Amino acid sequence: MTAYLVRNVSVVGAAPTDLLIRDGVVVETGAGLAAPDATVLDATGLVALPGLVDLHTHLREPGREDAETVESGSRAAALGGYTAVCAMANTSPVADTAGVVEQVWRLGREAGLVDVQPIGAVTVGLAGERLAELGAMADSAARVRIFSDDGHCVADPKLMRRALEYVKAFDGVIAQHAEEPRLTEGAQMHEGEVSTRLGLTGWPAVAEEAIIARDVLLAEHVGSRLHICHVSTAGSVEVLRHAKARGVKVTAEVTPHHLLLTDEKAASYDPVYKVNPPLRTAADVAALRAALAEGVIDIVATDHAPHAVEDKECEWAYARPGMLGLETALSIALDVLGPQWDLIAERMSRAPARIAGLDSHGLDPAPGVPANLTLVDPAARRVVEPAELASRSRNTPYARMTLPGRIVATFLRGEPTVLDGKAVK
Ligand SMILES: [Zn+2]
């Protein structure tokens, strides 16, 4: 089997040390390790993080392989420093049966670049009318534990209650796309001063906050785990703070783009900035950053949403919502949080692995730990060139921006998926 000796690396920001990886496991750490059979990597100046874990990825397969495949999305993830991604259920067909989730899970294993953990739909066809086969998906080879109708809100409170009750038996979690649909009919962007100026129909913050408020109360009543996808408003943060203070089992994510970009971007009418939930105000961005630092928001999740050119490069009103995220997330986190490595490891690896129940991920590199890790060069700066991305799609909102940090290497179970910043396969 293979061995790698990573020399002079800072593990999660600590003083430099050596890491010896053998047969998929970190076997030894310390200064001046020797292993004549090992491939040596000089990691001077680099930081080792536990491999990143994305709780919210759209891989588009089956159904829209022109936008992304499990393989191309897995490669994008590895290049972004990820070792595991949770694949959202809004594929075609929808991942609402054991058969479809097993298909996605198998495709992930065949690609072998990250662990692909399928998310199952909450309702049949994402239609919000009756529960999907949650138990069959949980019992399948994919062992689904997260269920979400993402892209659609589970708006019916009775159905949401039943879903929360159902998944409690196997410690599952319902990940809610919080959007009261009656309040967002025809919405094109955040409802506020900019939408008034541009004459576009607004998506009010209360449409998100009302669903989160309802669902934390339902989760408390039932005693189940609830996760809130892509929190985007200051008001949502206050609802979550209140719920957590009451002991509700709720976790929440924020996307890189909601931590960086505001609704002023819509003034360009460039549909690359169209996303759901929409980009919000500078005050919301500030509240989300503070909540992430504080822990009211538990994790950063990308909501990586690849779209084919014809679905994105068109008039604003017709463009699909969504942005790429996997290959730039760590850089945005570094830009927003600075080199707070322990915080970045917690919000982008340890906590998402815990929420998803991925036991071999989210563990800091140490003797005996599975070698799922990534090496970051914090001093590097990169210009984002859409044509150079591994994703099949090009809808990055960061085109030609200069971002801090570069992923130098990623290891999945001791085997490199990325070396010298390039995908190994
Ligand atoms: Zn969503």
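Heavy-atom accessible area per residue, region 150-205, 1.4 Å probe: how many Å²?
Normalised by residue count, the accessible surface of region 150-205 is 48 Å².
Count Lys and Arg as plus one, Asp and Glu as minus one, and take only other residues whose Cβ is under 10 Å from that of Thr69; the net charge is then -1. Note on region 4-124: with charges restricted to the Cβ of Lys and Arg (+1) and Asp and Glu (-1), its dipole about the Cα centre is near 140 debye. How many percent of the accessible area of region 273-425 is carbon or sulfur, using a 1.4 Å probe? Ligands and nucleic acids excluded, carbon and sulfur reach 51 percent. With K and R counted +1 and D and E -1, the other residues having a Cβ less than 13 Å from that of Ile297 yield a net charge of -2. Out of Val27, Pro16, Gly73, whose Cα points farthest toward the positive end of the dipole of region 6-75 (charges: +1 Lys, Arg; -1 Asp, Glu; placed on Cβ)? Highest projection toward the positive end goes to Pro16. Between Ala286 and Asp37, what FRET efficiency follows from the Cβ-Cβ distance if R0 is 45 Å, with the result rounded to 0.05? The calculated FRET efficiency here is 0.30. Which Cα, out of Val94, Gly128, Val216, lies furthest along the positive dipole direction of the chain (beta carbon charges, K/R +1, D/E -1)? Result: Val216, furthest along the dipole toward the positive end. Here the Karplus curve 6.51 cos²θ - 1.76 cosθ + 1.60, taken at θ = phi - 60°, turns the phi angles of region 123-134 into couplings of 10, 4, x, 6, 7, x, 10, 9, 5, 6, 7, 4 Hz, with x standing for Gly and Pro. Assuming charge only on the beta carbon of Lys and Arg (+1) and of Asp and Glu (-1), the dipole of region 82-200 about its Cα centre is about 220 debye to the nearest 20.
In the chain, the DSSP-assigned H stretches of four residues or longer account for a calculated mean residue ellipticity at 222 nm of -8000 deg cm²/dmol, using -39500 (n - 2.57) per stretch and the full residue count as denominator.
Can you bin every Cα-Cα distance in the chain into 20 Å intervals starting at zero and give me the percent of pairs per bin, rounded to whole numbers? Histogramming the chain at 20 Å steps yields 28, 59, 12, 0 percent.
Model label sites at Lys422 and Gln340, defined 7 Å from Cα along the beta-carbon direction, differ in position by 3.7 nm.
Projecting the Cα atoms of Ser268, Ser360, Leu292 onto the dipole axis of region 251-365, where Lys and Arg carry +1 and Asp and Glu carry -1 at the beta carbon, places Leu292 farthest toward the positive end.
Mind ranking 28-36, 65-73, 202-210 by how tightly packed they are, going by the mean number of other C-beta atoms within 10 angstrom, highest first?
Averaged packing, sorted descending, gives the order 65-73, 202-210, 28-36.
Modelled spin-label separation between Arg182 and Glu65, with each label point placed 7 Å from Cα along the Cα-to-Cβ direction: 4.3 nm.
Once neighbouring chains are kept in place and the probe is 1.4 Å, which whole percent of the accessible area of region 1-157 is contributed by carbon and sulfur? Please report the intermediate quantities before stating the final value.
Details: 2690 of 5440 Å².
Looking at region 1-157 in its full context, I get 49 percent from C and S.
Of the GluC sites (Glu not before Pro) in region 247-340, which ones lie in a loop per DSSP and count no more than 12 other C-beta atoms within 10 Å? Intermediate results must be reported in sequence, preceding the final value.
Values: sites: Glu253, Glu264, Glu294, Glu310, Glu313, Glu315, Glu327; in loops: Glu313, Glu315, Glu327.
Those that pass, being in a loop and sparsely packed, are Glu315.
Between 0 and 90 degrees, the angle of helix 98-111 with respect to the longest Cα principal axis of the chain falls at about 30 degrees.
Among the trypsin sites (Lys or Arg not before Pro) found in region 100-149, those both in a DSSP coil and sparsely packed, with 16 or fewer other Cβ atoms within 10 Å of their Cβ, are Arg130, Arg143.
For the chain, what is the charge dipole size about the Cα centre, in debye to the nearest 20, if Lys and Arg each add +1 at the Cβ and Asp and Glu each add -1 at the Cβ?
On the way: 40 positive and 56 negative charges, 85 e Å.
Roughly 400 debye, rounded to the nearest 20.
The values are calculated or read from the model by the stated rules, or taken from the named source; none is laboratory data. Everything numeric here is computed off the predicted structure, so don't read it as measured data. Don't worry about glycine lacking a Cβ; one is built from the backbone with ideal geometry, like all the others, and counts go over all protein chains shown. Accessible surface is based on the protein model in full, side chains and every heavy atom, while ligands, DNA and RNA are left aside. Shrake-Rupley method; radii C 1.70, N 1.55, O 1.52, S 1.80 Å.
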